[in-house]
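Every number here is computed from the coordinates shown, using simple stated rules; none is lab data. The structure presented is a predicted model; accordingly, all values stated were derived computationally and were not measured. Glycine also receives a Cβ, built like all others from the backbone with ideal geometry; neighbour counts cover every protein chain displayed.
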Amino acid sequence: MKKNQGFILVELIIVIAIISILSLGTALSVGLLGYGNAKSATGRIATMLDKVRVENMTKKEQYYLVIYKENKDYYLSVQTLKDGIKTKTKEEKLKLKKGKISFLDTRGNLYYVSSDSSESNVKEELVVTYTKDTGSLMDTRVFSGSLLGEEEIVRTIFVECNNISYKIHLVEATGKHYVD
């Protein structure tokens, strides 16, 4: 008898089935990775908001949470402003691959945080700070160098990655926040 060196149809179907199962698993894991990145970034922002609020209410200096984008990566930075000079006290990189951060101000304007400020709805940084006495949200025009008269209070922060989105709602009167 001659040895048959070819594939039979059943073997080919089994190989195609195995490849499709592996492809499906890869697609699902990539989707879960985006979910994890968005959830992790949202958690880090919420934690830093709490930290800045407590620092403002307990320490002498005014603290600011600054979120900015540099070289396709987002960063969280806790900064102080003393004699007009910004000083970083803590900084960390957010693990938000292929994601974006945006925010709504008190006037209902939506801005994207990006280092590319060629469009009108893009800001180079998102700045949040709190009052010393009650811990309520405070206007950030002094820190961000905005024009006088512009109110820069953040209402909602959006964290998006792979079509998964989280919202951090900030309550102006109390300074507290909740994640949606």
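Worth pointing out:
- Legend: translational diffusion of the range 9-179 by Stokes-Einstein, Rh = Kirkwood radius over C-alpha pairs, 4 °C, 1.567 mPa s; D = 74 µm²/s.
- Placing R0 at 35 angstrom, the Cβ-Cβ distance between A173 and N121 gives a FRET efficiency of 0.85 after rounding to 0.05.
- Between S165 and K60, the contour length at 0.36 nm per residue exceeds the alpha carbon distance by 34.2 nm.
- Per-residue extension of 0.36 nm, minus the Cα-Cα distance of A27 and K86, leaves a gain of 16.9 nm for this segment.
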